[in-house]
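Before any comments, here is the structure.
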Amino acid sequence: MNQSDLNHDRQLTDLLANAESYFRYFQAVYGDKIYLEAEIDSISLTRQERKQLGFANLGYEIRHCRRCELYKTRSQVVIGAGNPDSKILLIGEAPGFNEDKQGKPFVGEAGNLLDKILKSIHLRREDIYLTNVLKCRPPENRDPEPHEQKACLNFLMDQLELIQPRFILLLGRVAAQALLKTDQSLVQLRQKIHRIGNARAVVTYHPAALLRFPKYKRDTWEDVQIFQKLLRGDDDLQR
Ligand code: SF4
């Protein structure tokens, strides 16, 4: 069997596995009847069921996405992790080497550092939902190109729509500029409360940047203190 046959076999196996999990989900929600898309609208679902269905649809779309060239070099997509019912959302830049291998956001050394940062404000991963602007790893961890961000941003907007967060922590310049639709630098965007839809957002450094430049740890600590005050409903920050 040559390389092209192997790739074809792999794609087919992947497709069948995804189709199976998709149909299993539909069976869990709708029972054994197969509904046409138009019929689904008329079925009465709880808000939670609609949300689960939304996540399942989105996951399926992302896993099969070829909107930008990054699908060619990814090992797998990294959609997000944590508690999708949380009101707290953390958004980073893109999967790195370890994330691409494991299919989870913020693993490895940067992930360990993020856990410590979360612990300092009494949060655990299961209390929040974590995702990135891009769902596929840019080769060599280079910065995402503007057209890649543009291609992927709709998925993040769909996640926001499904999660309806009230508090967002933006990790790093790419996430901050993409979500706040600005060219301002990270330094200009820190230490402020921003609005993203109905949520309030704080900007700080990405943990991977802190591993390279530990001098920013102090600034990060100051930023997450603001975020913690926001979570606690500090009156001064509500104005
Ligand atoms: S980075 Fe986003 S837009 Fe590009 S292929 Fe991956 S999921 Fe699709």
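The values are calculated or read from the model by the stated rules, or taken from the named source; none is laboratory data. Since this is a predicted model, take the numbers as computed values, not measurements. Positions of Cβ are backbone-derived with ideal geometry, glycine not excepted, and every protein chain shown enters the neighbour counts.
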### Task
Search segment 47-72 for residues that are farther than 20 Å from Val133 by Cα and pair each with any residue that is within 8 Å of the ligand (Cβ to nearest atom) and among the aliphatic types (A, V, I, L, M) when their beta-carbon atoms are under 6 Å apart and the residues are at least 6 apart or on different chains.
none
### Message
Out of Pro146, Pro207, Pro139, I need the residue that is buried (at least 18 other Cβ atoms within 10 Å of the Cβ), of a type outside the set (A, V, I, L, M, F, W, C) and modelled with pLDDT of 95 or more. Which one?
### Response
Pro207
### Message
For the list (1) under 24 Å from Thr204 (Cβ atoms); (2) within 14 Å of the chain's Cα centre (by Cα); (3) within 16 Å of the ligand (Cβ to nearest atom), I need the number of the one condition that Asn141 fails.
### Response
(2)
## Note on the structure
When segment 124-165 is checked residue by residue, the ones that are of a type in the set (A, V, I, L, M), touching a residue at least 60 places away in the same chain (Cβ under 8 Å) and either within 12 Å of Ile88 (Cβ to Cβ) or in a helix (DSSP H, G or I) (or both) are Ala151, Leu156, Leu160, Leu162, Ile163
### Task
Go through segment 54-81 and give me each residue that's part of a helix (DSSP H, G or I), within 6 Å of the ligand (Cβ to nearest atom) and among the aliphatic types (A, V, I, L, M).
Ile62, Leu70
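Yes or no, residue by residue, for (1) touching a strand residue (DSSP E or B) at 6+ places or on another chain (Cβ under 9 Å); (2) free of Cβ contacts under 8 Å to residues at least 12 places away in the same chain; (3) under 19 Å from Leu156 (Cα atoms):
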{"residue": "Gln184", "(1), (2), (3)": "no, yes, no"}
{"residue": "Lys192", "(1), (2), (3)": "yes, yes, no"}
{"residue": "Arg195", "(1), (2), (3)": "yes, yes, yes"}
{"residue": "Ala199", "(1), (2), (3)": "yes, no, yes"}
{"residue": "Tyr205", "(1), (2), (3)": "yes, no, no"}
{"residue": "Asp219", "(1), (2), (3)": "yes, no, no"}
{"residue": "Gly233", "(1), (2), (3)": "no, yes, no"}
### Message
Taking the conditions exactly as written (touching an Asp or Glu at 6+ places or on another chain (Cβ under 7 Å) and at pLDDT below 65), does Val29 satisfy them or not?
### Response
yes
#### Entry: Near pairs, Cβ below 6 angstrom, 6+ apart or cross-chain, from segment 93-116 (at positive phi) to any residue that is assigned to a helix (DSSP H, G or I)
Phe106/Leu114; Gly108/Asn98
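Among the residues in segment 165-183, are any under 16 Å from the mean Cα position of the chain (by Cα), at positive phi and surrounded by 15 or more Cβ atoms within 10 Å (Cβ to Cβ)?
Restricting attention to segment 165-183, the residues satisfying the condition of being under 16 Å from the mean Cα position of the chain (by Cα) are 165-180.
Okay, now just the ones that are also at positive phi, so 172.
Adding the requirement that they be surrounded by 15 or more Cβ atoms within 10 Å (Cβ to Cβ) leaves 172.
Within segment 165-183, one or more residues are under 16 Å from the mean Cα position of the chain (by Cα), at positive phi and surrounded by 15 or more Cβ atoms within 10 Å (Cβ to Cβ).
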